[in-house]
Amino acid sequence: MTNLQKPVGSKFGAASTAAEVIEGIDLSGKTAIVTGGYSGLGLETARALRSAGAQVIVPARDLNKAAAALAGIEGVQIEPMDLIDPASINAFAQRFLASGQPLHILVNSAGIMAGPLARDARGYEAQFATNHLGHFQLVRQLWPALLQANGARVVSVSSWGHRRSPVIFEDPNFERREYEGWAAYGQSKTANILFALELDKRGKSDGVRAFSLHPGSIVGTGLQKHVSHEELRAFGVIDENGNQILDPARQMKTVEQGAATSVWCAVSAQLDGMGGVYCENCEVAELYDDKSPQSFGVMPYAVDPEAAERLWTLSEQLTL
């Protein structure tokens, strides 16, 4: 396996914010779509891209909630879409393609985490369906617009939580094994990384590059609604009074810091000519090594080209 996971010497770091990363970048004339762009990391990503002059479109399941959250950001367009509803994804993509616009940046930021077992209408496990399959289908439907950009980036927000599980190809939807919320989350986040790897392989000759990333451990994004106070304390991200612990060096960040790596992957000139890599702290991450004192990085199984190709084939079959 060729190891692409080598740092590039970014001038940013763990404590950098999205506003700092976007400073001096001109995205006038560019179009960006940000899923999950009306809460948490997605909202901050949408804000940063819009501040640089991009036309930003936020697909949303809850239009009223999106309108309220985005009210302070002038010019963001909100469109209906639900990642767990294939017909809704297709309808959104068809509307966008009908506009004739190229798509320069697609940030797949929406997600759910560690909830109880739930399934979509097809019977697929909800975290795998939402976090991976919905975005897989969205990218494939928007492919003509990505090609039209003559240089596009697709950014998938994964997580260090990918360490909790590889993709279990024999039973991705927990039909023959006991369901465990964190394992399901880990599998979906590994899928985000593998998807970026294979997408980049398939798209780079046409100018479509893909990246995945860990934003950090961020409290208050809405993602933790199924995580108990006790679990958050056990993870070391809140104190005994329920207050968030901030320590960017240990990946415990503010929303503004967490969105920085998404924005860096979307706009950094240092990544020109690159793709298929997993990033953290506004930098290309190294492979995780359990013999090293480093505590983060990317698990080797998440950047395995054979697994990436296998996941693509499986995802095609599941989204027919």
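Below is a table of values for the structure above.
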read-out	value
Some residue of segment 114-129 being of a type outside the set (A, V, I, L, M), closer than 24 Å to residue 261 by Cβ and within 19 Å of the chain's Cα centre (by Cα)	yes
Helices (runs of 4 or more DSSP H) wholly inside segment 220-320 containing at least 3 residues that are closer than 26 Å to residue 115 by Cα and at pLDDT 95 or above	255-267, 305-318
Residue in segment 70-93 that is within 26 Å of residue 253 (Cα to Cα), crowded, with 22+ Cβ neighbours inside 10 Å, in contact (Cβ under 8 Å) with a residue 12 or more places away in the chain and not polar (S, T, N, Q) present	yes
Number of the exception - residue 196 against (1) touching a helix residue (DSSP H, G or I) at 6+ places or on another chain (Cβ under 8 Å); (2) modelled with pLDDT of 80 or more; (3) not charged (D, E, K, R)	(1)
Of all residues making up segment 53-64, the number that are in contact with a Leu (Cβ under 7 Å, 6 or more places away or on another chain) and surrounded by fewer than 22 Cβ atoms within 10 Å (Cβ to Cβ)	1
Flag if residue 198 is of a type in the set (Asp, Glu) and either surrounded by fewer than 20 Cβ atoms within 10 Å (Cβ to Cβ) or over 16 Å from residue 306 (Cβ atoms) (or both)	no
Matching residues in segment 3-42 - criterion: being in a helix (DSSP H, G or I) and either free of Cβ contacts under 8 Å to residues at least 60 places away in the same chain or at positive phi (or both)	40
Where residue 266 falls short, out of the listed (1) touching a Cys at 6+ places or on another chain (Cβ under 9 Å); (2) within 17 Å of residue 210 (Cβ to Cβ)	(1)
Residue within segment 100-110 that is without any contact (Cβ under 8 Å) to a residue 60 or more places away in the chain, on the phi < 0 side of the Ramachandran plot and not β-branched (Val, Ile, Thr) present	no
Qualifying residue in segment 33-46 (condition: over 16 Å from the mean Cα position of the chain (by Cα) and surrounded by fewer than 24 Cβ atoms within 10 Å (Cβ to Cβ))	no
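The values are calculated or read from the model by the stated rules, or taken from the named source; none is laboratory data. Bear in mind the structure is a predicted one, so any value in this text is a computation, not a measurement. With ideal geometry, Cβ positions are generated from the backbone for all residues, glycine too; neighbour counts draw on all protein chains shown.
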